[in-house]
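Enquirer: Quick one: structure below, then a few questions.
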Amino acid sequence: LKFKNDRQFDNYVARAIRLLKKDYKKYGSQQINYYLHIILMFYYEKQRKYILAGKYSKILFSIVKNSRVVYREQRLGFALDNLSQYKTFTGNYNEAARYAKEAQKYYIENSNSYLLSKEQEYNVYFYHKKYEKATACMQDLLSHKLIDTGNFSRAKYIYYNSALLFAQKKFKESHSILNKSLEIEKEKSAWNISLKIMNIMLCIELSRID
């Protein structure tokens, strides 16, 4: 599907929501209810109405937990991870961390879902400036079994680790590991820019301007 602008897309999604609500009322299907609340959650996320998005992620968790038809442990984790993100966006960091850690209980530890959930927990601590806890999360991420399944994953977390050290004013340590994340440059142009900005900031802090 292609849309000329965001308004056209929003209208399309709003219409889909109305139709799903109508179908759920008619059939009482928990599958319809499940997908309805996924759409509601992401609809309000796109609108940056994170409190509403969080409300629907909570309802989504409840739907999955209480319905045999749609119950999957990974779906429970998915709802909680999204709730953690919305709590992060609204500055409710303690709740965000709690939901991220709870989400990880529903994943197999040796899985991408667990890795991404641990990354979300790291993000919470980083933005909350809880650097000791962020460091512990980063150690878990860098030692995860799946970290070497793709160069981009390891490079990304090395970059995050450099940013974490920078935030703690450990500029020499940050600079020493930054070059290890150069694999990012081959993958994403946006990461390329981020690497260059980080390098410039480190040069300024270390008085290495040429």
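Enquirer: Relative contact order (percent) for the chain, with alpha-carbon contacts under 8 angstrom and 6 or more residues of separation?
Expert: Once normalised by length, the contact order is 10 percent.
Enquirer: Using a 1.4 Å probe on the protein heavy atoms, what percent of the accessible area of the chain belongs to carbon and sulfur? Each step should come with its number before you reach the end.
Expert: Details: 6470 of 13030 Å².
The nonpolar share, carbon plus sulfur, comes to 50 percent.
Enquirer: Calculate the dipole size of the chain relative to its Cα centre from +1 charges on Lys and Arg beta carbons and -1 charges on Asp and Glu beta carbons; express the result in debye to the nearest 20.
Expert: Details: 37 positive and 20 negative charges, 211 e Å.
I would put it at about 1020 debye.
Enquirer: Counting pairs of alpha carbon atoms under 8 Å apart in space and at least six apart in sequence, what relative contact order in percent does the range 79-132 give?
Expert: Relative CO of the range 79-132 lands at 35 percent.
Enquirer: Can you give the charge dipole size of the range 1-57 about its Cα centre, rounded to the nearest 20 debye, using +1 on the beta carbon of Lys and Arg and -1 on the beta carbon of Asp and Glu?
Expert: 200 debye
Enquirer: Given C137, S162, N82, which one lies farthest toward the positive end of the charge dipole of the range 55-185, if we put +1 on the Cβ of every Lys and Arg and -1 on the Cβ of every Asp and Glu?
Expert: Result: N82.
Enquirer: Another question, then. Report Rg (one decimal) and Dmax (nearest whole number) for the range 39-90, counting Cα atoms only, units Å.
Expert: 10.7, 32
Enquirer: I would also like to ask the following. How large is the Kirkwood hydrodynamic radius of the range 58-138, counting all unique pairs of alpha carbons, in Å?
Expert: 12.6 Å
Enquirer: When the helix-only estimate is applied to the chain (DSSP H runs of n ≥ 4, each -39,500 (n - 2.57), divided by the residue count), what is the mean residue ellipticity at 222 nm, nearest 500 deg cm²/dmol?
Expert: -24500 deg cm²/dmol
Enquirer: Over the range 96-171, what number does the Rg to Rh ratio reach, with both radii from the alpha-carbon atoms and Rh per Kirkwood? Could the numbers behind the result be given before it?
Expert: Values: Rg = 12.1 Å, Rh = 12.5 Å.
Rounded to two decimals, Rg over Rh is 0.96.
Enquirer: Let me ask something else about it. Holding the Cα-Cα limit at 27 Å, pick out from K87/K130; K46/K169; K25/K58; K145/K169 the pairs that are longer than that.
Expert: Among K87/K130; K46/K169; K25/K58; K145/K169, the Cα-Cα distance tops 27 Å for K46/K169; K145/K169.
Enquirer: Can you work out ³J(HN,Hα) from phi for every residue in the range 44-60, in order, using Karplus 6.51 cos²θ - 1.76 cosθ + 1.60 and θ = phi - 60°, giving whole Hz and x for Gly and Pro?
Expert: 6, 5, 4, 7, 6, 9, 6, 5, 5, 4, x, 4, 6, 5, 5, 5, 4
Enquirer: With a bin width of 10 angstrom, please list the P(r) values of the range 36-177 as percents of all Cα-Cα pairs, from the 0 bin to the one holding the largest distance.
Expert: That works out to 12, 37, 33, 15, 3, 0, in percent per bin.
Enquirer: Taking the solvent-accessible surface of protein heavy atoms with a 1.4 Å probe, what is the per residue accessible area of the chain in Å²? Write down the numbers at each step before the final one.
Expert: On the way: 13030 Å² over 210 residues.
Each residue of the chain exposes 62 Å² on average to a 1.4 Å probe.
Enquirer: What's the center-to-center distance, using Cα atoms, between the range 110-153 and the range 1-24 in Å?
Expert: Result: 35 Å between the Cα centres.
Enquirer: Quick one: among R48, R75, R15, which has the greatest mean-square fluctuation in a GNM of the chain with alpha-carbon springs under 10 angstrom?
Expert: R15
Enquirer: In addition: Placing unit charges on C-beta atoms (Lys and Arg positive, Asp and Glu negative, everything else neutral), compute the dipole magnitude of the range 114-173 about its Cα centre in debye, rounded to 20.
Expert: 200 debye
The values are calculated or read from the model by the stated rules, or taken from the named source; none is laboratory data. If you're wondering where the values come from, they're calculated on a predicted model, not measured in any experiment. Don't worry about glycine lacking a Cβ; one is built from the backbone with ideal geometry, like all the others, and counts go over all protein chains shown. For the accessible areas, the whole protein counts, side chains as well, though only heavy atoms, and no ligand, DNA or RNA atoms are used. Shrake-Rupley method; radii C 1.70, N 1.55, O 1.52, S 1.80 Å.
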